[in-house]
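Accompanying notes for the structure given below.
The values are calculated or read from the model by the stated rules, or taken from the named source; none is laboratory data. Please read all numbers here as calculations on a predicted model, not as lab measurements. For neighbour counting, all protein chains shown are included, and Cβ atoms are generated from backbone atoms with ideal geometry for every residue, glycine included. The accessibility values were calculated without ligands, DNA or RNA, using every heavy atom of the protein model including side chains. Shrake-Rupley method; radii C 1.70, N 1.55, O 1.52, S 1.80 Å.
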Amino acid sequence: MPELTATRTNERYARPLFVLTIVTGSFLLFLTQPMIARMALPRIGGAPAVWNSAMLVYQLLLLGGYAYAHWLSRLTPRRQAGLHILLFGVAALWLPIGLTSALPPADGEPAFWVPWFLISSIGPVFFIISAQAPLMQRWYALETARGDPYPLYAASNLGSFAGLLSYPLLVEPLMTLEQQSWLWTGLYAFLVLLVVGCALTVPAQAVEALPEETAAPPTRRQISHWIALSAVPSGLMLSTTTHLTTDIVAMPLLWAIPLGLYLLSFAIAFAARRAVADMITLVAPLIILIAGGLAFSDGMGNPFFTASLGLLLLMVVAIALHTELFRRRPAVGHLTRFYLAMSFGGMLGGLFCAIVAPLVFDWAYEHPLLILAAALLVPQTAMVPWPEPLKRLLSFAIPAMAFLLSWIVYEHAWRIDLSLFNGREGVTATIGSILISLLALACLGRPLAFAAGLAALMLSYGGWRTLEVSAEGTRTRSYFGIYEVRTQLERGTGIPIQRVLTHGTTLHGIQNLLPGVETMPTTYYAPRSGVGLALSNASNLYGPAARIGVIGLGSGTLSCYAKPGQSWIFFEIDPEMVGVARNSFSFLSRCAPQVRIVIGDARLTLAEQPAGQLHMLAVDAFSSDAVPMHLLTREALRDVYGRALHRDGIILFHISNRYLNLQPVVAELAQSGGWHSRILHYQPAEEDKVMNATTSVWIAMSRNLHAIDRLVVLSGADAIEWGPLEPEPGFSGWSDDHASILPLIRTPW
């Protein structure tokens, strides 16, 4: 009896200590990744090979930490504690956290150099902290003997969630990178003290192996199931992010919401109280059917409703599959093996979406595929009993009927380009989709048949059309996104009138196809836009041999401002975009066939150009949500743009953006750097809109006031449109050491 009382007392005091230790470790992990990304961006750029390599490093270090925890569990408890604390001390040699002084070699391959760079910078500390969650749970089980350690994993993910939110909301806006580094270092020291405290709570007489370890180890089938249940939510989190930011609404920081929901799902699924997790798991198949059926929808009619539905789907799937994972957890003695399998599954899901999918698919097909995988794995209860003799026949016949109806819906409604819910065709589509949904519901409890019915529903809501576009070959995909080129025909005659380039929901270029206007600059680059007025007067400003640079190629529209004798160079980060501009549009071939195109992150490649080479530089890289901060810092202006520009040169910033107000950033750059500036808000007239001119905002800056004044005068009747660029009071600007987009976000409603 005294022993039992002592055990309960130990558990009462030990649990808060272990929870705090696990939360602190997870918080640090999710603080590390965005912090190191901000530190590394100016040095290694934003090319996809760089960040894919970085993701691999994080995933492998996390997997390595879990493998280390699994290996360490074979030692006696006191040896575990001693070795773990010793390695914490060794990793402290890499503090304060930051980057090594190494610079990327000029001929270095990012796929090899970046992993070495990151591992040498943060590898030891990231590795040792990665082991916290499974190792502390094991120590807790040893210390309390009776306590269930698995619910502590819920606390771990709450810590991760707090770290995820704190960086963009608090740490990044309020602290410089140096201050962030010392904050992280202080928290690391605090974590070491907590780990020592946890180690001291494990009594000297603690058993060297938990009783459950004498039981048979998990089978390969069990481990494979754990991996699958972990891989699908991890992949779906990334595919949801891609789907939302590409096809629904490209808002800043939107990536943080799916990741946050994914982390919260663990907190619910692994909680000690099971009511919420069990209830969500019960209704998960219905949510998958309702929300998953819209996996191919572009959400243009109601983007925020569609986005909310997609996020609800992710949350429900993640909770349901993680709840099933919790239900299938092994005895405590095999805890570290369980978490190692989970980590491996999470890594597989991430690699599939981040590395494999962009190479294999031309659209975000990984998203519907992962939803179908969730339909196969989620627990189901049959709603309609099937007669035993007919089960095999119905398992084939019902999905076949669903696919037939799906094709009929597509042929009779979607193909004729009418709204799904308007007119006679809309009624056909609605009735067909309802029937498909009912057939899928009848398959509940039979995972293969249910997934097939769900696939038919997906295809009826835009899936067939998406596949058709893939077959046409008008879409291409890279690690930067999905580009689609559409040729629009004149109603009645079928004559091609324009070709449109889109990146998800963001317009990137239009070329008029009617004879005589093929080379007319359009969209944000129209003749009366800020960049149009500047580039068309380049020879008047700098002579017939003016040297022009452009960051961002797009469809190549700006090349049609090139004149004989001028020298032009484009800086483009995505090789796929070069192929699109050359093969799908004729701006380059008609206007500047010999133009030079440099591939790579503009901040790095422009820094390699001769000093004072350019008379004009147009920076056009800030559309949609993908705002490369490192291109708008004081250091970028001073050390890269200012170095590349002639002393009297002009730099033009394109800041048109649906969700970010970038004007204060550029205004502060001009003020702090001593540059003279003007801004032009272009609103096209009706006759210009007919020729596909669109609203745009351009800022012109120069160290020479006379150059800016000359540009205004040469703008003729549009000179009045150039206005002063006023700094925003209280805005501190962006530097390599401190930047935040929070103060700049526009509300979308």
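Values as computed for the structure displayed
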{"read-out": "Accessible surface of the chain [probe 1.4 Å, protein heavy atoms]: carbon and sulfur percent", "value": "63 percent"}
{"read-out": "The range 156-198 shape via C-alpha gyration tensor axes, a/c threshold 1.5", "value": "oblate"}
{"read-out": "Compactness of the range 509-637, expressed as Rg and Dmax over alpha-carbon positions, Å", "value": "14.3, 45"}
{"read-out": "Where the Cα pairs of the range 652-749 fall when distances are cut into 10 Å bins, in %", "value": "14, 40, 32, 13, 1"}
{"read-out": "Rough spin-label spacing in nm, given labels placed 7 Å along Cα→Cβ, for Q609 and S672", "value": "2.3 nm"}
{"read-out": "Spin-label model distance (nm) - I290 vs T76, 7 Å beyond Cα toward Cβ", "value": "5.8 nm"}
{"read-out": "Percentage relative contact order, the range 674-716, counting C-alpha pairs under 8 Å, at least six apart", "value": "46 percent"}
{"read-out": "Accessible area (Å², 1.4 Å probe, nearest 10) - K689", "value": "100 Å²"}
{"read-out": "The chain - Rg and Dmax from Cα coordinates, angstrom", "value": "29.0, 97"}
{"read-out": "Rounded FRET efficiency, nearest 0.05, which uses the C-beta distance separating V469 from L183 and R0 of 41 Å", "value": "0.30"}
{"read-out": "The chain: DSSP helices with Cα axial extent of at least 27 Å and average Kyte-Doolittle hydropathy no lower than 0.0", "value": "2-44, 48-72, 177-201, 220-243, 303-327, 391-412, 423-442"}
{"read-out": "Extension gain from T493 to R647, taking 0.36 nm per residue of separation minus the Cα-Cα distance", "value": "50.1 nm"}
{"read-out": "Rounded FRET efficiency, nearest 0.05, which uses the C-beta distance separating S101 from N704 and R0 of 45 Å", "value": "0.80"}
{"read-out": "Cysteines (scope the chain) whose Cβ has no counterpart Cys Cβ under 4.7 Å", "value": "C198, C353, C443"}
{"read-out": "Virtual spin-label span in nm between R486 and T381, 7 Å along Cα→Cβ", "value": "4.4 nm"}
{"read-out": "Area accessible to solvent at Y410, 1.4 Å probe radius, in Å²", "value": "10 Å²"}
{"read-out": "Relative contact order for the chain, counting Cα pairs under 8 Å that sit 6 or more residues apart, in percent", "value": "12 percent"}
{"read-out": "I720 - accessible surface, heavy atoms, 1.4 Å probe, Å² rounded to 10", "value": "140 Å²"}
{"read-out": "Efficiency of FRET between L60 and S732 - r from beta-carbon atoms, R0 30 angstrom, step 0.05", "value": "0.20"}
{"read-out": "The range 478-570 shape via C-alpha gyration tensor axes, a/c threshold 1.5", "value": "oblate"}
{"read-out": "Largest-first ordering by accessible area, 1.4 Å probe, given options M691, M35", "value": "M691, M35"}
{"read-out": "Euclidean distance between Cα centres, the range 483-536 to the range 634-653, Å", "value": "29 Å"}
{"read-out": "Mean ellipticity per residue at 222 nm, deg cm²/dmol - from DSSP H runs of n ≥ 4 across the chain, formula -39500 (n - 2.57)", "value": "-17000 deg cm²/dmol"}
{"read-out": "Extension reserve of the A717-A272 stretch, reckoned as 0.36 nm per residue once the Cα distance is removed", "value": "153.0 nm"}
{"read-out": "Size of charge dipole - the chain - debye, nearest 20, with Cβ of Lys, Arg +1 and Asp, Glu -1, no other charges", "value": "1340 debye"}
{"read-out": "Selection from V580, A400, P447 lying farthest towards where the dipole of the chain points positive, charges on Cβ", "value": "P447"}
{"read-out": "Contour excess over end-to-end distance, with Cα ends at L441 and A685 and 0.36 nm allotted per residue", "value": "82.5 nm"}
{"read-out": "Accessible area of the chain divided out per residue, in Å², using a probe of 1.4 angstrom", "value": "42 Å²"}
